[in-house]
Amino acid sequence: MGYLRGMVVFHRFDRTANREALGSFSRAFELDPDFGAALGMAARCYAQRKGFGWLTDPQAEAAEARRLARLAASRAGTMQWRSGRRVRQGDLRRAGHGCGAGVAGDAP
């Protein structure tokens, strides 16, 4: 339930919802540490914070986003999390674009 709740609130695109989504995704991967999608979405919460200017500690939050993205990628199997890859590469600017296995395509 945590993951699904996180998906709903993540797409509200406001600061409070972002915090709630991150908490939901965190609970989901605490219950299942191999849940790569929850880890990837948690990393994406940080990318959303960056995009909307909500970061309070940019260096620490970027480091946490990279950590989560690496974990997500290690558990994703054949699914490609473009968002996670971009966060690992330090490109928070484009990290929220094209997340998923070819669903939205790469952002320009």
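The values are calculated or read from the model by the stated rules, or taken from the named source; none is laboratory data. Since the structure is predicted, the reported quantities are computational estimates derived from the model, not experimental observations. Neighbour counts are summed over all protein chains in view; Cβ atoms, including those assigned to glycine, are modelled from backbone coordinates with ideal geometry.
Data for the structure
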item: Looking only at the stretch 47-100, and only at residues there that are at pLDDT 90 or above and aromatic (Phe, Trp, Tyr), the one that is farthest from Thr16 (Cα to Cα); result: Phe52
item: Near pairs, Cβ below 9 angstrom, 6+ apart or cross-chain, from the stretch 47-61 (free of Cβ contacts under 8 Å to residues at least 12 places away in the same chain and of a type in the set (A, V, I, L, M, F, W, C)) to any residue that is surrounded by 10 or more Cβ atoms within 10 Å (Cβ to Cβ) and in a helix (DSSP H, G or I); result: Leu55/Tyr46; Leu55/Arg49; Leu55/Glu61; Leu55/Ala62
item: Subset of the stretch 34-66 (residues that are out of contact with any helix residue (DSSP H, G or I) (no Cβ under 8 Å at 6 or more places or on another chain) and surrounded by fewer than 16 Cβ atoms within 10 Å (Cβ to Cβ)); result: Gly53, Thr56, Asp57, Gln59, Ala60, Ala63
item: Pair list, Cβ under 7 Å, 6 or more apart: the stretch 23-41 residue touching a residue at least 12 places away in the same chain (Cβ under 8 Å), other residue among the polar types (S, T, N, Q) and part of a helix (DSSP H, G or I); result: Gly40/Ser83
